[in-house]
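This report concerns only the one structure given below.
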C-alpha cells in the first residue's frame with residue numbers, strides 16, 4: 001500500500017499512466033475533454049503561488065522576460081518546426097498541422113513545469129505571457145504567409161490568455177494574501193500532477209485514432225517532434241551553459257524554446273482543416289510526456 005501511494009504521487013508515473021490510459025482506455029475522454037481548461041487553470045494557480053507579488057511592481061523586470069518568450073517560442077522554436085517540416089513532410093495537411101504548431105504560443109504548462117524542474121519562475125511566467133500577447137499578431141501573420149487559408153480568431157487567443165494565465169494568476173495572489181500558501185503547500189504538488197494527468201489523458205485520448213491509424217506517416221512526424229524537443233532543448237541548454245547562464249534560467253529557456261500549445265494547435269487543425277492536420281499536435285503531445293520525464297531525470301543528475 002505504501003508503495004502504491006508513492007507511485008500515485010510520483011509525477012513520472014502519473015504522466016506515463018496518462019499516456020497509457022489515453023491510448024488503451026479512452027472511454028472517459030468525452031468527460032475529461034471538458035476538464036482540460038479547469039485542470040490547467042488549477043495547475044497554473046498553484047504553480048504561480050511561488051512567484052512573489054513584488055515582481056509585478058517592477059515593469060522593467062517584466063519586459064525582458066516577455067521579449068525572451070517571443071524569441072524562444074517563435075523565432076527559435078517556430079523556425080525549427082517549419083524548417084524541419086519543409087525538409088521532411090510532403091503531405092499538405094500534415095505540413096499545415098506543423099505550421100499551426102509553429103504559429104501557436106508556448107504551452108501554458110511551461111509555468112508549472114518550470115516549478116517542477118526548478119526553473120526561473122519569473123522568466124517562465126512573463127515569457128509565456130509575452131509570447132501569448134505577441135501571438136495575437138504573429139499567429140495571423142504566419143497563417144496568412146504560409147497557409148493562405150482561414151485566419152485565426154484573435155478573440156480565441158485573448159480568451160485563452162485570460163482563462164489560463166490572468167485568472168489563475170489573480171487567484172494565486174488572493175491565496176497568498178490570505179495566507180493559504182503554507183496550508184496548500186503539502187498537497188500542491190500532488191494536485192498539480194493529477195491536474196496534468198487529466199490534461200494529458202484527454203489530449204492523447206482525443207487523438208488516439210489518429211495516432212494509431214497513422215503508422216505510415218508517424219516516423220517523420222515523430223522525428224520532427226524529437227528534433228524540436230530533445231535536440232533543440234539540448235542545444236539551448238548547451239549554448240546557454242557556454243555563456244554561464246544560471247541553471248534555473250537555462251531550464252526556463254529550454255521550456256520556452258521547446259514546448260508549444262499542442263491543445264490549441266490540434267483544436268485549430270480540427271476546426272479549420274482535417275483530422276490529418278491534427279496529427280503533429282497529437283504526436284508532439286505524446287513526445288512531450290516523455291520529454292518532461294527525461295528533463296526530470298536529467299535535473300537529478302545535474
*So, in the range 41-74, of the ones that are at pLDDT below 75 and not in a helix (DSSP H, G or I), which residue ends up farthest from residue 234 (Cα to Cα)?*
58
_Scope the range 223-268; condition free of Cβ contacts under 8 Å to residues at least 24 places away in the same chain and not in a helix (DSSP H, G or I); matching residues_ = 243, 244, 245
_Hey, residue 294 surrounded by fewer than 16 Cβ atoms within 10 Å (Cβ to Cβ) and under 23 Å from residue 197 (Cβ atoms) or not_ = yes
*Name the single residue, out of those in the range 150-174 being outside any helix (DSSP H, G or I) and surrounded by 14 or more Cβ atoms within 10 Å (Cβ to Cβ), that is modelled with the highest pLDDT.*
153
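Tell me the residue from 275, 186 that is over 18 Å from residue 290 (Cβ atoms) and surrounded by 15 or more Cβ atoms within 10 Å (Cβ to Cβ), please.
After ruling out the rest, the residue left standing is 275.
Hey, can you tell me all the residues within the range 75-116 that are more than 15 Å from residue 46 (Cα to Cα) and assigned to a loop (DSSP other than H, G, I, E, B)? Give the derivation first.
Residues of the range 75-116 that are more than 15 Å from residue 46 (Cα to Cα), as a first pass: 75-107.
The answer is 89, 90, 91, 104, 105, 107.
Specify which of the listed residues (179, 188) is outside any helix (DSSP H, G or I) and over 22 Å from residue 135 (Cβ atoms). Can you show your working first?
Numbers: 188 fails: outside any helix (DSSP H, G or I).
Matching residue, one of 179, 188: 179.
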_From 133, 117, 101, 123, residue being at negative phi, touching a strand residue (DSSP E or B) at 6+ places or on another chain (Cβ under 6 Å) and touching a residue at least 24 places away in the same chain (Cβ under 8 Å)_ = 101
*Among the residues of the range 206-219, is any assigned to a loop (DSSP other than H, G, I, E, B), surrounded by 17 or more Cβ atoms within 10 Å (Cβ to Cβ), modelled with pLDDT under 85 and more than 18 Å from the chain's Cα centre (by Cα)?*
yes
*Given the conditions (1) crowded, with 21+ Cβ neighbours inside 10 Å; (2) modelled with pLDDT under 85; (3) assigned to a loop (DSSP other than H, G, I, E, B), and given that residue 119 satisfies all but one, which numbered condition is not satisfied?*
(2)
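The values are calculated or read from the model by the stated rules, or taken from the named source; none is laboratory data. Model, not experiment: these values are computed from the prediction. Virtual Cβ from ideal backbone geometry, glycine too; neighbours counted across all protein chains shown.
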